[in-house]
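Q: The structure that follows is given in the form of structure tokens.
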Amino acid sequence: MKRLIMPVLVAAFVACGDGATEPADGVPLDVDFTLQLGETAAIEGTDVSVTLGHVLDDSRCPPMAVCIWAGNVTVVLEVSGDGTLGEIVQVCSNLDICDDSWRVGSSYRVHLVSVQPGSRPPTALEYSVTLRVRPERNQ
């Protein structure tokens, strides 16, 4: 029985992969799109792809609460394209903490539009992030 457990565990691990989905074909450039944790979007007409890695930090003020500051949510993305391969980056909702966008090569910029839900959910799996990839204006 013990001899069967290890091969079954290895097969299950291999079948699960890394949890990322395959890139979705054709997310239009300069249009908002939403990703769940581990999902990847490919940007139509480009070689850019964006994967939502995880939410690193969420200190936003809960709804209906009185807070002295709005807080921040930091999102970790993996971006590829325009000469970059699998670059791990952070974007923030509060510009005092870090930028809300990241330059991809010299031609594109990934912008953080919003993070749902509006405050920290009970589990990290409930996060989704809305992003937009735009052409870089300062070429």
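Q: Pull up the range 79-108, narrow it to residues that are in contact with a Phe, Trp or Tyr (Cβ under 7 Å, 6 or more places away or on another chain) and among the hydrophobic types (A, V, I, L, M, F, W, C), then point me to the one that is surrounded by the fewest Cβ atoms within 10 Å (Cβ to Cβ).
A: Only one residue tops the list, namely VAL89.
Q: Let me ask you something else. Which one is farthest from the chain's Cα centre (by Cα), of the residues in the range 86-115 that are acidic (Asp, Glu) and at pLDDT below 95?
A: Just the residues of the range 86-115 that are acidic (Asp, Glu), to begin with: 87, 96, 99-100.
Within this subset, residues satisfying the condition of being at pLDDT below 95 are 87, 96.
Numbers: GLU87: 12, ASP96: 20 Å.
By that ranking, first place goes to ASP96.
Q: Check GLY53, GLY118, GLY71, GLY45 and return the single one that is among the small types (Gly, Ala, Ser), surrounded by 15 or more Cβ atoms within 10 Å (Cβ to Cβ) and not in a strand (DSSP E or B). Don't jump to the end; show me each part of the working.
A: On the way: GLY53 fails: not in a strand (DSSP E or B); GLY118 fails: surrounded by 15 or more Cβ atoms within 10 Å (Cβ to Cβ); GLY45 fails: surrounded by 15 or more Cβ atoms within 10 Å (Cβ to Cβ).
Only one candidate passes the filter, namely GLY71.
Q: Given the conditions (1) assigned to a strand (DSSP E or B); (2) at pLDDT below 95, report the number of the one that VAL79 does not fulfil.
A: Here VAL79 clears every test but (2).
Q: Follow-up. Report, ordered by the first and then the second residue, all pairs with beta carbons closer than 6 Å, sequence separation of six or more or different chains, a first member in the range 126-139 that is modelled with pLDDT of 95 or more and of a type in the set (D, E, K, R), and a second member that is open to solvent by less than 50 Å² (accessible area, probe 1.4 Å) and outside any loop (DSSP other than H, G, I, E, B).
A: ARG132/HIS111
Q: When PRO63 is evaluated against the numbered criteria (1) open to solvent by 20 Å² or more (accessible area, probe 1.4 Å); (2) closer than 18 Å to SER128 by Cβ; (3) within 12 Å of the chain's Cα centre (by Cα), which criterion, by number, is the only one it fails?
A: Every condition holds for PRO63 apart from (3).
Q: With the requirement that a residue be out of contact with any Lys or Arg (no Cβ under 9 Å at 6 or more places or on another chain) and within 10 Å of THR130 (Cα to Cα), what does the range 30-51 give you? Working first, answer last.
A: Quick first cut of the range 30-51, residues out of contact with any Lys or Arg (no Cβ under 9 Å at 6 or more places or on another chain) only: 34-51.
Of everything in the range 30-51, those that are out of contact with any Lys or Arg (no Cβ under 9 Å at 6 or more places or on another chain) and within 10 Å of THR130 (Cα to Cα) turn out to be THR34, LEU35, GLN36.
The values are calculated or read from the model by the stated rules, or taken from the named source; none is laboratory data. On a predicted model such as this, the values are computed, not experimentally measured, just so you know. With ideal geometry, Cβ positions are generated from the backbone for all residues, glycine too; neighbour counts draw on all protein chains shown. Just the protein is used for accessible areas: all its heavy atoms, side chains included, with ligands, DNA and RNA removed. Shrake-Rupley method; radii C 1.70, N 1.55, O 1.52, S 1.80 Å.
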